[in-house]
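Taking it in order: structure first as structure tokens, then the write-up.
The values are calculated or read from the model by the stated rules, or taken from the named source; none is laboratory data. Every value quoted in this text rests on a predicted model; they were computed, and no experiment measured them. Positions of Cβ are generated from backbone atoms using ideal geometry, with glycine treated the same way; all protein chains shown enter the neighbour counts. Side chains included, ligands, DNA and RNA excluded: accessible areas come from the protein's heavy atoms. Shrake-Rupley method; radii C 1.70, N 1.55, O 1.52, S 1.80 Å.
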Amino acid sequence: MNPPSKLKAFVQHLTHDYLDDEDEQRGFDLMQESLPLVGMVVMYFNMLEKLIDSALCDAVSDRSDALGLLVIHGMQYGAKVDMFKRFCEDAHQHMPAGTPPEYKGIVEGLVEASRLRNLVVHADWFHTDAQGYTYARLKLTKKGMQQEYFQLSPDALEDIVERINQTVVQLTAI
């Protein structure tokens, strides 16, 4: 899942085009409307990370979380997902039926949740245009440097919240 995006050639300075003051005001209004949804993206993602923490602690020891917390202390989200994947693969290889259906796509969902959350929290929200396109990053391509904008409108943010929540639900079901 990716919100719509557009590219603009980087010329000499990192700039963002507005057609007029009214477009700039509409972009600011969209940004204000999006703020609660940005918070929801962060909250649901944090819930997801805490669920992974709990699953890893359970995998390390079913007697106490202390040992698991020592193992994951300071570990970044991506490393936790990788460890979760390895624990699952190890457990499932000993099952006669292999990977249970409820695990299908969970790692991909965890990775996608991180990518979407990073897109939202690292966006340059003060450079949102009248259509909700927000500057996200500079891309280095064969065509040179290009500024990439994603449409992080309230509807797109609601879709991101829903996608992260689907992964939360899937993780709590296993």
The chain: angle of helix 154-173 to the longest principal axis, Cα-based, in degrees nearest 10: 0 degrees
Virtual spin-label span in nm between GLN32 and THR172, 7 Å along Cα→Cβ: 3.4 nm
Region 118-153 versus region 64-92: alpha-carbon centroid distance in Å: 32 Å
Per-q log10 I(q)/I(0), region 70-143, q = 0.21, 0.27 Å⁻¹ (Debye; single scatterer per alpha-carbon; no solvent): -0.98, -1.20
Overall dimensions of the chain as given by Cα atoms, namely Rg and Dmax in Å: 19.7, 65
SER64/LYS6 FRET efficiency (R0 45 Å; Cβ-Cβ; nearest 0.05): 0.35
Under 18 Å from the Cα of LYS142 - lysines, other chains or at least 8 residues apart: LYS6, LYS8
Length gained when the stretch ARG86-GLU24 is fully extended (0.36 nm per residue, less Cα-Cα span): 17.6 nm
Radius ratio Rg over Rh of region 26-70, counting only Cα atoms, Kirkwood formula for Rh: 1.37
Calculated [θ] (222 nm, deg cm²/dmol) that DSSP helices of n ≥ 4 give over the chain, each run adding -39,500 (n - 2.57): -20000 deg cm²/dmol
Overall dimensions of region 128-169 as given by Cα atoms, namely Rg and Dmax in Å: 13.7, 41
Candidate lysines for bridging to LYS50, where Cα separation is under 18 Å - those fewer than 8 sequence places away on the same chain excluded: LYS80, LYS85
Radius 12 Å from Cβ of LYS139, net charge of other residues (Lys, Arg +1; Asp, Glu -1): +4
Surface per residue (accessible, 1.4 Å probe) for the chain, Å²: 60 Å²
With every protein chain in place, the chain: carbon and sulfur % of accessible area (1.4 Å): 54 percent
